[in-house]
Each structure stands twice: as structure tokens, then as C-alpha cells.
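**Student:** Let me give you the structure first, and then I'll get to my questions.
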Amino acid sequence: MDLSDAHTLGLFLEVYGTLPRAGPGGDEHTGRALGLVPGPTPRTVLDLGCGPAAQTVALAAALPEARILAVDMLPSMAAEANRRFVAAAIDDRVEAVVGDMAAPPVEPGSQDLIWAEGAIYNLGVTEALRTWRPLLAPGGTVGFTEPIWLVDSPPAELRDWWLAEYPALTEEAGVRASIEAASYQTIASFPLPASAWWDEYYEPMQARIAGLKARHPDDPIAAEVVAAAETEIDFFERFSECYSYAFFIVQPTD
Ligand SMILES: C[S@@+](CC[C@H](N)C(=O)[O-])C[C@H]1O[C@@H](n2cnc3c(N)ncnc32)[C@H](O)[C@@H]1O
């Protein structure tokens, strides 16, 4: 799917652009992960690949003194994020901008906490952590989610599909090794339950898929978007015990 094509991106966003979250997660998991961040309460927070920013709003509620900058490469996501910040009356200290997580627009040494739910895969764990290291303030922490295998031997059908989608998919120990390769240590980690995929992601996605089908019955690109989303949901329905996302709370070792 070529998301650089405006028509394709428009159809893609009809499914993925208006979901409560643009990936597996939930406020309770964001809150649990934030509670595992060591040291003083963070006051400067960078949320990379923020999407529609449900987790940014949760972070802001838990950190009432913090200034938060949310970054997404898609203007429509940054706009949706800013709408939510106004609705939550936090726009005096929380802002979304269009930008690249490979070059976040903040000063070196300025961030107490860098957050990336369902987004670090865009750079890869080791490269992202190395890239973000200079941005962290002393004692700073990175919190992120990353897909993991929950079983040693997933069914071949599932493994082949995942490895075509995301060849870097590994088990928790593999993610920990990628963290160490970037000269960080894992402070805490925990997997997300299946409910974190359904409640704010796949259940509302099913309604978006139905809407896209009804609005564009003869569009081959819409059919492609629908097929990809339905395949993803179908795999999770059949094999949710085999994979999930996990949260990782990490700090540099140097
Ligand atoms: C799977 S979504 C997760 C969004 C959000 N964190 C959530 O959990 O709902 C990944 C987001 O990363 C954004 N993204 C992808 N590559 C990026 C990049 N290089 N810089 C900034 N954002 C990026 C996408 O536009 C998308 O909104």
C-alpha cells in the first residue's frame, strides 16, 4: 500500500485516522507504565508517533505539572491530537506538531521522559534509542511499546504473515537485547492483554471498515485497505495467545 499517494492515504485514514487509538493500548496500561518510571516526576515529556494522542492525554492527566510535546509525521494526526488537547483543556501545556521521530524538534538534554506507544518500530528499537539518547535530561527515561512473540513456536501461517509485515518481530528477550545494544537497561516491562487490542482499536476499526466498504464499494484501493485491516483482525482473533505488544521502561547505562 503506497501511503505517499494522496488517494490511498485518504482511504487509509478513513479506517485508521479516527480511531480512539491508532494501535493497541489503553489509559490503564499507559498509567501502569508511567508508574514504573524511576526518579523525580517528569516535567518535560516528548511523545513520538503520537497518532490521535489518547496516550498523550493520559500522560498529561497523570503529570499535571509537565509540558508535553507530541510529534507525528501525519498532519491529520497532529491536528486530531491538538483537537483532543483543546477538548481536555490541556492545550496551555500540551501541543502536537508535525515532525519526524528520527529528528524530534527539542533541545539536547531537555527531556525527562520520551514516550512512544506503537511507534518505535518505525525506526527500530536500537536505532530509535540511540537517536533519542542525546535528547534525554540526566536521569531521563524512555517508555515504549513493541510487538513481541508470546510463544516459542508460533504457527507457520502466523509467523509468515508477521515476518512479512515486520521482520524484526522477536520475543521479549530479543527486545531486551536490542535495548542493551543501544546502551540502555530495561527497568521494567509487561505485556499488554488482548483487551488492549480490542477495546480502543479493533472493535472501533470493525465499524470503520464497514463504513469504508459502504462508501467505496468499487474502489480497488479501498478494497486493499479493507483486506489488510480484516486480515490483521482475523489473525488476532485466531492467534491472540501467540503475540502482543509489551511496554518497556528503559534508561541509558552511560
Ligand atoms: C501505530 S500508530 C500509534 C499512534 C499512537 N501512539 C497510538 O498508540 O495510538 C504510529 C504513528 O506513528 C506515526 N509515524 C510513523 N513514522 C513516523 C515518523 N518517522 N515520525 C513521526 N511519526 C511517525 C504514524 O503517522 C502513526 O500516527
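**Student:** Count the DSSP beta bridges whose two residues both fall in the chain, then state the antiparallel fraction as a percent rounded to the nearest 5.
**Tutor:** Values: 15 of 35 bridges.
For the chain, the DSSP antiparallel bridge percentage is about 45.
**Student:** Along the charge dipole of segment 153-254, which of Phe190, Leu163, Pro220 sits closest to the positive end, that is, farthest toward it, with unit charges on the beta carbon of Lys, Arg, Asp and Glu (+1, +1, -1, -1)?
**Tutor:** Result: Phe190, furthest along the dipole toward the positive end.
**Student:** Between segment 23-58 and segment 85-130, what's the alpha-carbon centroid distance in Å?
**Tutor:** Taking the Cα centre of segment 85-130 as reference, the centre of segment 23-58 is 11 Å away.
**Student:** Okay, helix-only estimate at 222 nm for the chain: each DSSP H run of n ≥ 4 adds -39500 (n - 2.57), divide by all residues, round to 500 deg cm²/dmol; what do you get? Intermediate results must be reported in sequence, preceding the final value.
**Tutor:** Working: 9 runs with 103 residues, N = 254.
Result for the chain: -12500 deg cm²/dmol, rounded to the nearest 500.
**Student:** As an exercise, identify the trypsin sites (Lys or Arg not before Pro) in segment 1-68 lying in DSSP coil whose Cβ has no more than 16 other Cβ atoms within 10 Å.
**Tutor:** Working: sites: Arg21, Arg32, Arg43, Arg67; in loops: Arg21, Arg43.
Passing sites in segment 1-68 are Arg43.
**Student:** Scan the chain and report its longest stretch carrying no GluC sites (Glu not before Pro) that are both in a DSSP loop and have at most 14 other Cβ atoms within 10 Å. Display every interim value, and only then the final one.
**Tutor:** Working: sites that count: Glu65, Glu241.
Segment 66-240 is the longest.
**Student:** OK, next. Considering only protein heavy atoms, what per residue accessible area in square angstrom results for the chain with a 1.4 angstrom probe?
**Tutor:** On the way: 11210 Å² over 254 residues.
Heavy-atom accessible area per residue stands at 44 Å².
**Student:** May I ask you to derive the FRET efficiency for Ile187 and Glu230 from their Cβ-Cβ distance with R0 = 45 Å, giving the value to the nearest 0.05? Working shown, then result.
**Tutor:** Working: r = 38 Å, r/R0 = 0.83.
So the FRET efficiency works out to roughly 0.75.
**Student:** May I ask you to compute the full-extension gain from Ser110 to Leu150, defined as 0.36 nm times their residue separation minus their alpha-carbon distance, rounded to one decimal in nm? Kindly include the intermediate steps, with their values, before the conclusion.
**Tutor:** Numbers: separation 40, 0.36 × 40 = 14.40 nm, distance 3.55 nm.
Gain on extension, Ser110 to Leu150, equals 10.8 nm.
**Student:** Accessible area of the chain with a 1.4 Å probe: how many percent of it is carbon plus sulfur?
**Tutor:** Carbon plus sulfur share of accessible area: 53 percent.
**Student:** Can you tell me what the convex hull of the Cα atoms of segment 1-126 projects to on average, as an area in nm²? Walk me through the numbers before you get to the answer.
**Tutor:** Details: hull surface 32.5 nm².
If you wrap the Cα atoms of segment 1-126 in a convex hull and average its projections, you get 8.1 nm².
**Student:** Relative contact order (percent) for segment 137-254, with alpha-carbon contacts under 8 angstrom and 6 or more residues of separation? Please report the intermediate quantities before stating the final value.
**Tutor:** Values: 123 pairs, mean separation 63.3, N = 118.
Once divided by the residue count of segment 137-254, the mean separation gives 54 percent.
**Student:** Just the accessible area for Ser178, please: 1.4 Å probe, Å², rounded to the nearest 10?
**Tutor:** Roll a 1.4 Å probe over it and Ser178 shows about 40 Å².
**Student:** Arrange the residues Met73, Met205, Met101 by how much accessible surface each exposes, largest first, with a 1.4 angstrom probe. Don't skip to the answer; put the middle values down first.
**Tutor:** Values: Met73 145, Met205 0, Met101 20 Å².
Result of the area sort, largest leading: Met73, Met101, Met205.
**Student:** Over the chain, what is the relative contact order in whole percent, taking alpha-carbon pairs under 8 Å and six or more residues apart?
**Tutor:** Numbers: 436 pairs, mean separation 61.4, N = 254.
Here the relative contact order equals 24 percent.
**Student:** Suppose the chain between Glu171 and Asp218 were pulled fully straight at 0.36 nm per residue; how much longer would it get relative to their current alpha carbon spacing?
**Tutor:** On the way: separation 47, 0.36 × 47 = 16.92 nm, distance 4.03 nm.
Going from the current span to full extension adds 12.9 nm.
**Student:** Nearest 20 debye, what's the magnitude of the dipole of the chain about its Cα centre given +1 on Lys and Arg Cβ and -1 on Asp and Glu Cβ?
**Tutor:** Working: 15 positive and 37 negative charges, 144 e Å.
Dipole size: approximately 680 debye.
**Student:** Could you tell me the relative contact order of segment 1-146? Use alpha-carbon pairs under 8 Å, at least six residues apart, and round to a whole percent. Walk me through the numbers on the way to the answer.
**Tutor:** Details: 245 pairs, mean separation 33.3, N = 146.
23 percent.
The values are calculated or read from the model by the stated rules, or taken from the named source; none is laboratory data. As the structure is a prediction and not an experimental result, all values here were calculated from the model. Cβ: placed from backbone, ideal geometry, glycine included. Neighbour counts: every protein chain shown. Note: accessible area is taken over every heavy atom of the protein model, side chains too, but ligands, DNA and RNA are not part of it. Shrake-Rupley method; radii C 1.70, N 1.55, O 1.52, S 1.80 Å.
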